[in-house]
Every structure is written in C-alpha cells, then in structure tokens.
Amino acid sequence: MTGVTARLALVLALTLVACKKPEPPPRGRTAEVRPPAVPWSDAWLDGEAERFLDDLAARRGALEASLKNAKNSYSRQRLGSYALGDRGWDTLPAWNPRSAPVTANLAARIAAGQEPGLPEETPPLWDGQRPTTQAGWVALGRRVFFAYPLREDAFVEYALARPALAAEVGIERPANGEVPGAVVFASVDGTTRIGITCALCHSAVERGELIVGRARRRFDYGRLRLFVHRETGESIEPELARRMAGWGPGRADVTEDNDEDPVAIPDLWGLRAQSALTQAGTIRHIGPSALAIRQETQLLHSNHQRVRPPRELAWALAMFVYSLEPPPPAPPPVAAAARDRIARGGALFALACAGCHSNSAYGGDPVPVARVGTDPALAEGGARGTGQYRPPSLLGVASAAPYLHHGAVQSLEDLLAPERLAPGYRRGVQGPGPVVGHAFGTDWPEPDRAAVVAFLRTL
Ligand code: HEC
Ligand code: HEC
C-alpha cells in the first residue's frame, strides 16, 4: 500500500467505526430495574424535570405529543422553532433579567412623575443554581410569576403614572400598596422599563388581600389601550379599536391573529387533574413538560422572540402553577334544609354533569364544540382551534363569574336559566340577545336548578 492509500484506508476505517450504531442491550435484560415513580411524587417530578431540562429529543417529543391540532397557528409556530438544537429558538440567548416588583414606594415615585429607576444592586432574578427540592422549584416559580417580564408595556406604564386610571382599568393594589404584575426591569436593549408579568392577569385583590391564581376579572386591557390612544392622539385602526372596546374586563385576545376570539382569563386551580390545557384544549396535558413548554414558549413569544427564558425558569413556573390552590369554600350551612338541598344538587350533578365534569377538579376531557354548543369562534379558530372546548375546573366556581370561555354569562343562576337561550335575553355580559350553548340543566324545574347551584357554590 502506498502512503496515500494507507491513510485513506485509515480514514475510511475510522469513519466506519464512528458510524457504527451502539449495540442494543441484550434482550430480556435491562441495566437496572427501578419501580416506576408514582405520578406527581417528588421522585417522579425530579425525573420529569431532568428530561425536560437536559434531553433535547425528549423535549421535542413532548412538544409534538402535546399539540392537539398540528395545523393551528399555535402549533405551527412551535413545531417550526422549538427544540431543534442548532436552529430555531434553541439558538436564542437565555435571558435572566434584572427585575424588581413595583412596590408602594416605587408606585408613588412613578405617580409623582419621576423615572422609575432600577436600583443598581438589583441582582438577576435567578442565581443560576438549579433547585434540588420541589419546594425550591415552587419558590423559584413564584419569583418568575411575579417578576419575570413577559414584555415591556407602555400602556401599563402610562396607567401607573395615573393611579385613578390604573384603578379604573383594574390594575389592582392590595393593602400593602404594591402593584402585583408590574415590574421595573433592565430590558434586553439595556434601557429601564416597566413590564408586565403573569401576576397581572392571574392574581386578584379581594378585601385588600392578594389571591394568587385567581383571574384578574376587573382588568380591562382593551379599554386602557383605547384610553391611551385617545389621550396621546396616536392613531389606531378603527377595526382594532372596535375589537378592543368589545373585550370588556377580564378578557383578552391572547393571539396575534385577526380572529374575533377574546377569551376570559381563567383561574389557575386544579390544573394537575386536567387532561388538556387552555379552554379550547389546545395542549394535551401529557405531563408537566407540556405546561413547562407552554410557559417557555409564551415568555419567548411575548418577548418578541429575541431571547428565551432559562429552561429552569419555565420548569419552575410550571411547578408554581401546579401548586396554586383556591381559597377554601364558605363553611357548609347549618340549617338542615340547606344541607339537604346541597346533597340533592350533588346527586343531580353526578347524574347530569359529571359525565363531562369528570375529574377530581370537576373539569374533564375536551368535548366537540357541537355537543356543548357555545360560541364556536375560539374552538374553530385558526389560532388555537381544536374543534373542542374543555370543561374547566369548577373549584371555586362561585367566585369565577362571568362564566364560559368568553365570559358571557353573569351568574350560575343565569347559566342554568332557560331564558338565557331565548331571543329576548338581556342579561348577557356582552350585550342583549341569547347566550347559546351549554344548555345542560336549563330544562329542569326551578328547585332542581337551585339545588345544583347550591352544590356548585360548595366546590
Ligand atoms: C394579559 C393577560 C395574561 C397574562 C399576562 C398571562 N395570562 Fe395566562 N391566560 C390568559 C388568558 C386570557 C388565558 C386563556 C387562554 C385560553 O384558554 O386559550 C390564559 C391561560 C393560561 C393558562 C391555561 C389555564 C387552563 O385552564 O388550562 C395557564 C396555565 C396560564 N395562563 C398561565 C400563565 C402564566 C404562567 C403567565 C406568565 C408567564 C400568564 N399566564 C400570563 C391571560 C394572561
Ligand atoms: C357534554 C359535556 C358537558 C356536560 C354534560 C356539562 N358540562 Fe359544564 N361545561 C362543559 C364545557 C365543555 C364547558 C366549557 C364551555 C365553554 O366555555 O364554551 C363547561 C362549562 C361549565 C361551567 C362554566 C365554568 C366557568 O368557570 O366558566 C359550569 C359552571 C358548568 N359547566 C357546570 C355544569 C353543570 C352544573 C352541568 C350539569 C347540569 C354541566 N356543566 C354539564 C361540558 C359539559
């Protein structure tokens, strides 16, 4: 062999070795036999966390398995960019922001027309250490929920400088004077900005106290934006203005499309029990990685795809969301008649409702929109549509009015009332006219309807 052919042969041999697949483990024997961890136990969550954080193929697999309808724009965006390794969103820099909550002091400074200012000594939100306990993940998730900016928000900034306007559009403040959901942070471009966080929409103030996980049902983002446009004389497309005026409090169109499909901000109770996430069941809840991916891509998307959150923060956020629990329901009545009524309502619920509201949080598997019959815009929309609506959890439902995915029904009594379905109906949240669909129970005699409402109030 000449020197050249010898070298070629060597290169070829090395290439063959490199290409050779690893031997499969011998049949019938596995390296280690471990009992499967019980779902939602700490050991199980540790295993899930490891796969989500350290295994690209597992993350990609989880994304694909969790998207209910690969054709809607929510799925297409993610399939085209998520967990692709050397391209797409994985190549974005991980952003660990310096961010501080808007405290009472800071709110007062902003209201007095001063620059918000971020104290020099503010450290990045995360110290870079992976938590080692479930409690540690939840605590980190809480910080993300309150302080990781989804994006800068000039409208909220405008409102903070005008406290009366802020109060009017539902930027609520608990007794300690903080503004939960608003932060001052060092933005990606280096400037100091006001931003919004999860807590702006998913926490609410009741009698001066902050209830974390409850939908901010007084928050009227459409009205705030219209107000700012009017005051500043900045132009706005008439069509967009009309749509924003129609949102009403507690609703937001969280998609970037032109579908007319604002949805109610939901309470975040009982999500572990749900087989699908979001009201149209856009995400199959195959495990906690499904929620972590939702949160990772939501943060990345709202930050205009310039940066991505460190994956640990997305996982922590999911753990925090799972940990949220509704405030305890009112104590049961003492009067025997009232107790009997609740028991009767429970029996009726088991017969007529629990087929769909079937899990431990009284939510259930998504149902075809034709079967539930409510406004199909969201279920059939190109943004998140799946052809279905998911029965929401009914934990704390007494405090969750207005009802249904679009927040169209004022009260539980109205949901069950036959008048709601008739042309002369005038009590709909979004104006006169019938609110169709979810007719279950509306043909019952009044005492039965009252009994099921009494039962719902105990959940
Ligand atoms: C501007 C208001 C707003 C902000 C800010 C916001 N959300 Fe939401 N959230 C909504 C709306 C509206 C929905 C309903 C979407 C749907 O069902 O399609 C929703 C749905 C959800 C759901 C699905 C719940 C279910 O019933 O399946 C989760 C989980 C959630 N949000 C968590 C978060 C987290 C975590 C953050 C912060 C990263 C956040 N949200 C920020 C408005 C908001
Ligand atoms: C065929 C399945 C099905 C049956 C039967 C059913 N539901 Fe539902 N329920 C749903 C779905 C799906 C939604 C969400 C619909 C939407 O938002 O458009 C829902 C929503 C609700 C809501 C609104 C919760 C909220 O926070 O907005 C309540 C309350 C409710 N159901 C109670 C009941 C009661 C009481 C019964 C029995 C009389 C019942 N449901 C029977 C599927 C069902």
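Got a number for residues in region 397-413 being buried (at least 21 other Cβ atoms within 10 Å of the Cβ) and either more than 24 Å from the chain's Cα centre (by Cα) or more than 8 Å from ligand 2 (Cβ to nearest atom) (or both)?
Matching residues across region 397-413 total 1.
Quickly run through region 344-355 and pick out the residues that are in contact (Cβ under 8 Å) with a residue 60 or more places away in the chain and not in a helix (DSSP H, G or I).
353
I'm checking my understanding of the structure. Among residues of region 423-437 that are touching a residue at least 24 places away in the same chain (Cβ under 8 Å) and either among the small types (Gly, Ala, Ser) or buried (at least 20 other Cβ atoms within 10 Å of the Cβ) (or both), which one is farthest from ligand 1 (Cβ to nearest atom)? Working first, answer last.
Of all residues in region 423-437, those touching a residue at least 24 places away in the same chain (Cβ under 8 Å) come to 429-430, 435-437.
The next check asks that each one be either among the small types (Gly, Ala, Ser) or buried (at least 20 other Cβ atoms within 10 Å of the Cβ) (or both); those that pass are 429, 435, 437.
Numbers: 429: 15, 435: 18, 437: 16 Å.
Checked region 423-437; the qualifying residue farthest from ligand 1 (Cβ to nearest atom) is 435.
Quick one: which residue in 301, 285 is touching a residue at least 24 places away in the same chain (Cβ under 8 Å), touching a strand residue (DSSP E or B) at 6+ places or on another chain (Cβ under 6 Å) and within 15 Å of ligand 1 (Cβ to nearest atom)?
285
Taking region 374-396 as the search range and keeping residues that are of a type in the set (A, V, I, L, M, F, W, C) and surrounded by fewer than 24 Cβ atoms within 10 Å (Cβ to Cβ), which one is farthest from ligand 2 (Cβ to nearest atom)? Even if it seems obvious, please write down each step before you answer.
Step one: of region 374-396, the residues of a type in the set (A, V, I, L, M, F, W, C) are 377-379, 383, 394-395.
Cutting the leftovers down to surrounded by fewer than 24 Cβ atoms within 10 Å (Cβ to Cβ) gives us 377, 383, 394-395.
Details: 377: 10, 383: 16, 394: 6, 395: 10 Å.
Ranking the candidates gives 383 first.
Restricting the first residue to region 366-386 and requiring it to be in contact (Cβ under 8 Å) with a residue 60 or more places away in the chain and in the same structural domain as residue 421 (by TED's automatic domain parsing), which pairs with a second residue that is of a type in the set (S, T, N, Q) and near ligand 2 (Cβ under 10 Å from one of its atoms) meet a Cβ separation below 8 Å and a spacing of at least six or different chains?
Every condition considered, the pairs that remain are 366/388; 378/279; 379/388.
Search region 439-450 for residues that are in contact (Cβ under 8 Å) with a residue 12 or more places away in the chain and pair each with any residue that is among the polar types (S, T, N, Q) and assigned to a loop (DSSP other than H, G, I, E, B) when their beta-carbon atoms are under 8 Å apart and the residues are at least 6 apart or on different chains.
Pairs that qualify, where the first residue is in contact (Cβ under 8 Å) with a residue 12 or more places away in the chain and the partner is among the polar types (S, T, N, Q) and assigned to a loop (DSSP other than H, G, I, E, B), are 449/442.
Within region 401-442, how many residues turn out to be small (Gly, Ala, Ser) and closer than 24 Å to residue 380 by Cβ?
Qualifying residue count, region 401-442: 7.
Which of the strands (runs of 3 or more DSSP E) contained wholly in region 188-277 include at least 2 residues that are surrounded by 17 or more Cβ atoms within 10 Å (Cβ to Cβ), under 19 Å from the mean Cα position of the chain (by Cα) and small (Gly, Ala, Ser)? Spell out how you get there, then give the answer.
Details: elements: 192-196, 203-206, 209-212.
In region 188-277, the matching strands (runs of 3 or more DSSP E) lie at 203-206.
Under the condition of being without any contact (Cβ under 8 Å) to a residue 12 or more places away in the chain and in a loop (DSSP other than H, G, I, E, B), which residue from region 317-343 is farthest from ligand 2 (Cβ to nearest atom)?
Residue satisfying both the conditions and the ranking: 334.
I'm trying to understand the selection: among the residues of region 217-255, which are closer than 19 Å to residue 404 by Cβ and modelled with pLDDT of 85 or more?
Answer for region 217-255, where residues must be closer than 19 Å to residue 404 by Cβ and modelled with pLDDT of 85 or more: 217, 218, 219, 220, 222, 249, 250, 251.
If you check 276, 292, 314, which single one turns out to be within 26 Å of residue 64 (Cα to Cα), within 16 Å of ligand 2 (Cβ to nearest atom) and among the aliphatic types (A, V, I, L, M)?
276
May I ask you to verify whether residue 390 is in contact with a strand residue (DSSP E or B) (Cβ under 6 Å, 6 or more places away or on another chain), within 30 Å of residue 446 (Cα to Cα) and of a type outside the set (Asp, Glu)? I'd like the intermediate steps shown before the answer.
Values: in contact with a strand residue (DSSP E or B) (Cβ under 6 Å, 6 or more places away or on another chain): yes; within 30 Å of residue 446 (Cα to Cα): yes; of a type outside the set (Asp, Glu): yes.
So residue 390 passes the test.
Restricting to region 51-110, name every residue that is among the hydroxyl-bearing types (Ser, Thr, Tyr) and farther than 25 Å from residue 145 by Cα.
Correct list: 73 only.
Specify the residue that is nearest to ligand 1 (Cβ to nearest atom); the eligible residues are those in region 369-412 that are farther than 22 Å from residue 71 by Cα, in contact with a helix residue (DSSP H, G or I) (Cβ under 6 Å, 6 or more places away or on another chain) and among the β-branched types (Val, Ile, Thr).
In this case the residue turns out to be 397.
From 292, 330, 347, which residue is farther than 22 Å from residue 262 by Cβ, among the aliphatic types (A, V, I, L, M) and at pLDDT below 95?
Checking each option against the conditions leaves just 330.
The values are calculated or read from the model by the stated rules, or taken from the named source; none is laboratory data. Everything numeric in this text was worked out from a predicted model, so none of it was measured. Note: ideal-geometry Cβ built from the backbone for every residue, glycine included; neighbour counts use all protein chains shown.
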